[in-house]
């Protein structure tokens, strides 16, 4: 078969539901869809409700038939913005609206929601048989065993995080048994090279100044603490069935190599591209096929230098905590994430310092006894996360 055989005249259009449509992932996904109208048809959109005019514009532009908002108070503004089209659109509202929409049975559900609240939609999409394009790493971190149990086929979850998409692409070069380890690359965030003492007076504005990626505030702060990389380490271990101690993190400030897979014969396969989330988003929607007109490739006519350096674990202990959480129990990763979400919110509100974020996570983890995977249920998980949030708030 020709290497160009992916250009198939018989194109199947996929129905798509986008969760978190007004956020960074959602808006870039809509750009990909807009470039390939013959490949994708948006049937549903979900958002928090903080930008009803933007959400309404997306509904009108895509022709989506259903829309979900987490905030019931946003329904009025959404209807007003939809104008004469409001009566033709089914509007779901409330904390479970995105979950209901995700279970509608679309060909692909892209979960771009931020935080552990994305777990319900993740499970609903899997149970409905949809392919899950997963950008919501927290749902897998929090409910890993539940998510894996809900998966109906090996390829039902397609990672959208740039690192995990890179790993999935690199894994095409060998079998699971041939994998020696996974190498996650990290930009290092805005504070690469600083000691722990130099991080004590970090401001919110400084933490939000990421040198490479344009992300939402929570993801950007998580990148600054390297908690984001800890969450990705847990996600990689669960997604690709590789123990946490065989997932290595290396700092790569240029963010061109998105991650690598090392095989047992000594070969390392890397995926490289300029930092542009549309590439992994497009693969999440079209997997296993690659689309054209998605992102610009590396310019090999220009001189370039790519550097790699180890993580400073003393200044950034989040990765150590992630590995310890993976090894401890089925619920420790959920506690890791829940405590972090509360600490990040406190930092954004000016109620704690930058170093307090990871220190709080470590303190809450130390108090958690853990639940084995065999005993994990949604109810147990909800109780565990609620306890972790309360305890983090008390410590903060």
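The values are calculated or read from the model by the stated rules, or taken from the named source; none is laboratory data. Just so it is clear, the structure is predicted and the values come from calculations on it, not from any experiment. Don't worry about glycine lacking a Cβ; one is built from the backbone with ideal geometry, like all the others, and counts go over all protein chains shown.
Quick one: residue 110 ticks every box in (1) outside any helix (DSSP H, G or I); (2) within 17 Å of the chain's Cα centre (by Cα); (3) surrounded by fewer than 24 Cβ atoms within 10 Å (Cβ to Cβ) bar one, so which box is it? The number of the failed condition is (3). The combined condition, being in a loop (DSSP other than H, G, I, E, B) and touching a helix residue (DSSP H, G or I) at 6+ places or on another chain (Cβ under 8 Å), is fulfilled by residue 295. If you go through the range 341-357 one residue at a time, do you hit one that is more than 23 Å from the chain's Cα centre (by Cα), surrounded by fewer than 19 Cβ atoms within 10 Å (Cβ to Cβ) and closer than 17 Å to residue 190 by Cα? Looking for residues that are more than 23 Å from the chain's Cα centre (by Cα), surrounded by fewer than 19 Cβ atoms within 10 Å (Cβ to Cβ) and closer than 17 Å to residue 190 by Cα, one finds at least one in the range 341-357, hence yes. Starting from residues that are within 22 Å of residue 30 (Cβ to Cβ) and out of contact with any strand residue (DSSP E or B) (no Cβ under 9 Å at 6 or more places or on another chain), keep the ones in the range 287-310 and report whichever is modelled with the lowest pLDDT. The selected residue is 293. Among the residues of the range 168-181, not one is in contact with a helix residue (DSSP H, G or I) (Cβ under 9 Å, 6 or more places away or on another chain) and assigned to a loop (DSSP other than H, G, I, E, B). Considering only residues in the range 182-212 that are in contact with a strand residue (DSSP E or B) (Cβ under 8 Å, 6 or more places away or on another chain), within 18 Å of residue 314 (Cβ to Cβ) and in a loop (DSSP other than H, G, I, E, B), the one that is modelled with the highest pLDDT turns out to be 192.
The rows are residues; the columns are (1) assigned by TED's automatic domain parsing to the domain that holds residue 257; (2) under 18 Å from the mean Cα position of the chain (by Cα); (3) crowded, with 24+ Cβ neighbours inside 10 Å; (4) modelled with pLDDT under 95.
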site: 125; (1), (2), (3), (4): no, yes, yes, no
site: 139; (1), (2), (3), (4): no, yes, yes, yes
site: 145; (1), (2), (3), (4): no, yes, no, yes
site: 155; (1), (2), (3), (4): no, yes, no, yes
site: 177; (1), (2), (3), (4): yes, no, no, no
